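The values are calculated or read from the model by the stated rules, or taken from the named source; none is laboratory data. Quick caveat: nothing in here was measured; it's all calculated off a predicted structure. Neighbour counts run over all protein chains shown; Cβ positions are idealised from the backbone, glycine included.
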């Protein structure tokens, strides 16, 4: 059962949520500094993360899984949010240049199927970023935020899942080194924790971000392969499959 959209909204309206969003956006902006003219899909709960791209992107669509619920969101193009099944997105193949997945991977009942569906709607050479809670971080062990729900991931696990779905992982990053404690969260303390964590404690971030690219020549793992037999050039006679041997003497 996914967390409801109401729970997610309340979290991002809190001081703790603001800190988490600010630190994650620092890393996302370094990966995607400008999405001008691009078609962008956000799966899960991505509205706070994609708001800054709304004005310049060609199109932003927010796809929210049915177990989570949806909030009506609009832009200059009209309504941009939709409630959808996780494994049957209502979009044509190769539709989006960039795909962002936040609060989508940890509670997915079947992550490989979900990633394959996101691969389907991504254009060739398009990019995906998955942001998920880090299994080695403090936030995955706390019930004070949505990042403590579901299954956390290590960097290796998340990269492997993307690779199995047909994506080619390109870069990873950590974010959110501040402890999930509301009383100590303030901008100066948060930035200090980020600098310290990135330098001294890089493997214990609260979040892990992995970017990957869709390349058509990278065939997903797990697909069956046909066995190609070597030709037989031995001197042994070939059996006549018709059942009649022409060289047989009557």
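Annotations for the structure displayed:
- The residue that is nearest to the chain's Cα centre (by Cα), among those in region 78-101 that are assigned to a strand (DSSP E or B) and within 14 Å of residue 44 (Cα to Cα), is 101.
- Note on region 196-228: residues that are exposed (fewer than 10 other Cβ atoms within 10 Å of the Cβ) and at pLDDT 50 or above amount to 4.
- Scanning region 176-186 turns up at least one residue that is more than 12 Å from the chain's Cα centre (by Cα), outside any helix (DSSP H, G or I) and modelled with pLDDT under 75.
- Matching residues, region 55-77, being assigned to a strand (DSSP E or B) and surrounded by fewer than 18 Cβ atoms within 10 Å (Cβ to Cβ): 59, 74, 75
- Looking across region 146-162 at every residue that is in contact with a strand residue (DSSP E or B) (Cβ under 6 Å, 6 or more places away or on another chain) and under 10 Å from residue 210 (Cβ atoms), the one that is surrounded by the most Cβ atoms within 10 Å (Cβ to Cβ) is identified as 162.
Residue by residue, here is whether (1) closer than 19 Å to residue 10 by Cα; (2) touching a strand residue (DSSP E or B) at 6+ places or on another chain (Cβ under 7 Å) holds:
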| position | (1), (2) |
| --- | --- |
| 33 | no, no |
| 37 | no, no |
| 44 | yes, yes |
| 47 | yes, yes |
| 50 | yes, yes |
| 53 | no, yes |
| 57 | no, yes |
| 72 | yes, yes |
| 79 | no, no |
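- Flag if residue 49 is part of a loop (DSSP other than H, G, I, E, B) and either touching a helix residue (DSSP H, G or I) at 6+ places or on another chain (Cβ under 9 Å) or without any contact (Cβ under 8 Å) to a residue 24 or more places away in the chain (or both): no
- Residue list for region 130-145, filter: surrounded by fewer than 24 Cβ atoms within 10 Å (Cβ to Cβ) and within 20 Å of residue 18 (Cα to Cα): 138, 139, 140, 141, 142, 143, 144, 145
- For region 33-46, the set of residues classified as crowded, with 21+ Cβ neighbours inside 10 Å and either under 17 Å from residue 175 (Cα atoms) or out of contact with any helix residue (DSSP H, G or I) (no Cβ under 7 Å at 6 or more places or on another chain) (or both) consists of 44, 46, listed by residue number.
- Scope region 102-125; condition assigned to a strand (DSSP E or B) and surrounded by fewer than 23 Cβ atoms within 10 Å (Cβ to Cβ); matching residues: 123, 124, 125
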